[in-house]
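Structure, as structure tokens:
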Amino acid sequence: MAPTTFGWLIILCPAVGTMLIALSFKRLPARSAGWIGTAAIAASFGLSIAALLALLGHTPDHREFTSTIWSYDSSVGVDAKLSILVDPLSVYMALVVSGVSMLIHLYSVTYMTLDRGFNRYFSFLNYFVFSMLLLVLAGNFVLLIVGWAFVGAASYLLISFWYRRTTATGAGIKAFVINVVGDAGLVLGTFFIFKHTHTVDFVKTFGAVDHVFAHNSPDLVAGCLLLLVGAFAKSAQVPLHTWLPDAMEGPTPVSALIHAATMVTAGVYLIARMHPLFEQATTAADVGAIGGCLTLLIAATVGLVMVDIKRVIAYSTMSQIGYMIMAVSVGAYSAGLFHLMTHAFFKALLFMAAGSVIGAMAGAQSLDRMGGFRRALPFTFGCFVIGGLALSGLPPFSGWLSKDDILAFLDHRGGGFIILGIAGYVGALLTGIYTFRMIFRAFLGEPVEEARELEHGHLHHADVPRNPMTGEEEDTDVGFPGPGHFIAERELPMKVAMSVLAVLAIVGGVLQIPGVDAGIERFLSPTFADSHLAKELPSTRADWIGLAIGALIAIGGIAVAYRVWVAAPGTATRLRERLAPVYTLLINKWYFDELIDLVVVRPSLWVGRFAQSVLERVVIGDVVTGGTTGIVRAGSAAVRRAQTGFLRYYAALMIVCLTGVALYFLISSS
């Protein structure tokens with residue numbers, strides 16, 4: 001079977017799952033929707049493996065296949081078609097997206113089982129995965145934009161899933177609006193590129209880049225910067241990042257789905273896919289690298305002070321995506337995509353483990369209320385530590401090999417890129433600190449009441465359900481979280497999903513070990529064969545030096561966290577008091593929300609109010625519409641007055657008009 005056939009089937013499976021659950025949800029018994037949704041994504045994963053094997057059956061130079069099933073528009077130079085591109089990059093992304101999403105679906109079968117929106121949840125979840133697979137398999141800009149927009153819509157549906165919770169609906173709207181800004185950037189960037197290449201097809205566009213664009217051509221740089229707007233919005237990079245922490249208002253498996261392998265990695269995929277454009281527009285590529293670097297540092301510093309366990313992991317996601325954006329912007333494509341894969345494993349694992357802790361806390365998410373869960377949640381604790389060690393970059397865990405692969409490439413490029421590499425090592429130190437701050441506070445120390453109850457075999461349930469962000473009372477009816485709280489120790493689907501991810505977080509790095517194997521780089525090399533940057537790889541010795549430095553930094557970060565939150569209790573409070581201005585800056589998330597409110601939101605509201613009160617009511621309503629209405633009314637009144645019904649008046653009027661016409665012709669002829 002052709003690789004493109006597998007490509008179409010990969011997309012079709014979650015689409016069928018979405019429609020099947022949506023159209024028959026009232027007749028589906030018990031957990032059927034969950035198992036149907038999980039089976040649909042499992043089928044996509046199986047087909048992705050089949051597509052991988054089909055590609056490997058061809059020589060590296062012949063692993064690029066396109067397929068079109070419908071031409072939307074083929075006129076006036078536009079070649080918009082419903083077509084897919086199956087190559088190593090798209091298959092790699094399909095494997096990661098479908099594989100991790102399958103495990104998140106499995107976890108959700110238990111986690112959401114008592115929620116009144118259970119069937120609706122799995123329909124939305126399948127729709128999200130369908131949209132992401134459409135995005136990564138798209139063969140042209142048009143289908144890419146469609147998939148991009150679908151992912152934004154699906155994220156809105158899932159973030160605001162508990163639609164009677166005001167914080168959730170607000171977060172969903174915020175995510176949707178910021179992502180629409182990214183959508184606009186993607187569309188406008190496509191226009192700049194299409195204007196010169198006269199095609200929206202990826203293969204044709206990349207083949208024409210060197211012929212139609214000079215190095216750093218203004219239109220190409222503008223187009224690539226606009227593509228970066230799309231990438232930064234979708235991947236939550238500064239300054240379009242503020243939606244991501246608020247997205248924690250969705251169910252915990254949604255947080256794992258959006259933040260691990262799917263939505264936030266779309267920007268990384270976009271830059272990697274458009275690498276021929278960015279290598280010709282190096283100014284835009286540098287902007288991407290600097291943006292990723294700033295994001296990884298800013299997000300890491302905020303993660304040091306957040307007390308909501310899910311938001312700590314969310315800021316960690318922003319930071320790690322910063323590494324990936326930086327990597328693909330400087331030409332470390334295989335390293336950036338390798339980190340994308342390993343990050344999907346350990347970040348999904350961390351969110352799932354956090355969900356188990358939140359279940360033990362009856363929905364509470366604040367680290368200030370947690371402690372001593374190590375004995376009460378031994379399996380969850382083990383998974384959290386594995387995910388934390390992989391995130392921190394400690395050997396032999398997968399994150400150690402992938403993150404330091406990026407930093408070694410930056411050091412190898414030299415020049416100003418060394419500064420980015422140093423910033424990356426600073427970010428690695430902060431990562432170890434905030435990750436184990438979270439682990440030590442949640443699992444060590446004196447057990448809290450909920451932990452003691454669990455040690456005696458009783459899972460705590462709150463008397464009155466409350467919004468973890470506002471403390472407001474909530475019910476457990478439709479539109480709110482259901483009454484159930486679940487922990488991995490007691491639920492087999494949750495335990496299976498977390499176990500698989502834990503194993504992958506440990507051994508996933510073996511696919512790319514310097515001097516031993518370069519499986520990821522070798523597989524992706526046909527996609528980046530036209531790149532001169534991808535060939536500038538550091539030596540094996542430089543790679544291992546970087547890995548050694550990274551391991552020492554990770555150990556240092558964990559040691560700092562142990563000293564501050566375990567060995568010397570009260571140190572964090574003293575630091576907070578001494579560095580009060582810094583703490584205030586970080587706890588307010590560098591004031592990005594306030595800045596956006598001042599620069600964008602308030603002026604937009606003012607313009608809207610001005611347009612409504614002045615332009616619409618006065619100019620349009622009174623002058624334009626009112627003036628026209630007045631003229632029509634006056635004319636109507638004059639006509640009514642003329643219609644007297646007396647024949648002599650009509651005859652006199654006709655004589656006057658004829659006399660006037662005759663005089664006009666007499667005067668004009670003379």
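Put simply, of ILE506, ILE553, ILE513 the only residue that is of a type in the set (Val, Ile, Thr), surrounded by 21 or more Cβ atoms within 10 Å (Cβ to Cβ) and in contact with a helix residue (DSSP H, G or I) (Cβ under 7 Å, 6 or more places away or on another chain) is ILE553. Among the residues of segment 132-169, those that are touching a strand residue (DSSP E or B) at 6+ places or on another chain (Cβ under 7 Å) and either under 14 Å from LEU257 (Cβ atoms) or not hydrophobic (A, V, I, L, M, F, W, C) (or both) comprise GLY139, ASN140, GLY147.
Every condition in (1) at negative phi; (2) buried (at least 17 other Cβ atoms within 10 Å of the Cβ); (3) touching a residue at least 40 places away in the same chain (Cβ under 8 Å) is met by GLY393 except one, and the failing one is (1). A Cβ distance below 7 Å, combined with a sequence gap of six or more or placement on separate chains, defines the contacts here; from segment 275-291, residues that are without any contact (Cβ under 8 Å) to a residue 60 or more places away in the chain reach residues that are of a type outside the set (Gly, Ala, Ser) in the pairs PHE278/CYS224; PHE278/ILE271. If you go through segment 461-481 one residue at a time, do you hit one that is of a type outside the set (Phe, Trp, Tyr), surrounded by fewer than 24 Cβ atoms within 10 Å (Cβ to Cβ) and under 29 Å from ALA567 (Cβ atoms)? Scanning segment 461-481 turns up no residue that is of a type outside the set (Phe, Trp, Tyr), surrounded by fewer than 24 Cβ atoms within 10 Å (Cβ to Cβ) and under 29 Å from ALA567 (Cβ atoms).
Answer with yes or no whether VAL464 is in contact with a strand residue (DSSP E or B) (Cβ under 9 Å, 6 or more places away or on another chain) and either over 28 Å from TYR92 (Cβ atoms) or of a type outside the set (Lys, Arg) (or both). Against the criterion (in contact with a strand residue (DSSP E or B) (Cβ under 9 Å, 6 or more places away or on another chain) and either over 28 Å from TYR92 (Cβ atoms) or of a type outside the set (Lys, Arg) (or both)), VAL464 qualifies. Every condition in (1) under 20 Å from LEU350 (Cβ atoms); (2) touching a residue at least 12 places away in the same chain (Cβ under 8 Å) is met by VAL503 except one, and the failing one is (2). Among residues that are within 21 Å of the chain's Cα centre (by Cα) and buried (at least 24 other Cβ atoms within 10 Å of the Cβ), GLY359 is not included. Taking segment 449-530 and the helices (runs of 4 or more DSSP H) fully enclosed by it, the elements with 2 or more residues that are at pLDDT 95 or above are at 492-507. Taking segment 362-390 as the range and being among the hydroxyl-bearing types (Ser, Thr, Tyr) and crowded, with 24+ Cβ neighbours inside 10 Å as the test, only THR380 passes. Every condition in (1) surrounded by fewer than 24 Cβ atoms within 10 Å (Cβ to Cβ); (2) within 24 Å of VAL203 (Cα to Cα) is met by THR265 except one, and the failing one is (1). Confirm whether GLY99 is under 21 Å from the mean Cα position of the chain (by Cα) and closer than 26 Å to PHE528 by Cβ. So GLY99 passes the test.
Kindly establish whether GLY414 is on the phi > 0 side of the Ramachandran plot and surrounded by fewer than 17 Cβ atoms within 10 Å (Cβ to Cβ). In short, yes. Kindly evaluate PRO447 against the criterion of being touching a residue at least 12 places away in the same chain (Cβ under 8 Å), out of contact with any Lys or Arg (no Cβ under 7 Å at 6 or more places or on another chain) and over 28 Å from THR573 (Cβ atoms). Judged against the criteria, PRO447 is not a match.
The lone criterion from (1) closer than 19 Å to MET352 by Cβ; (2) of a type outside the set (D, E, K, R); (3) surrounded by fewer than 24 Cβ atoms within 10 Å (Cβ to Cβ) left unmet by HIS105 is number (3). No other residue among SER101, SER71, SER123, SER67 is touching a helix residue (DSSP H, G or I) at 6+ places or on another chain (Cβ under 7 Å) and either of a type in the set (A, V, I, L, M, F, W, C) or more than 30 Å from PHE480 (Cα to Cα) (or both) apart from SER67. The set of residues in segment 57-79 that are at pLDDT 90 or above and within 30 Å of the chain's Cα centre (by Cα) comprises ARG63, GLU64, PHE65, THR66, SER67.
The values are calculated or read from the model by the stated rules, or taken from the named source; none is laboratory data. Computed from a predicted model, the values in this text were never measured in an experiment. A quick note on method: Cβ atoms are made from the backbone with ideal geometry, for glycine too, and the neighbour counts reach across all protein chains shown.
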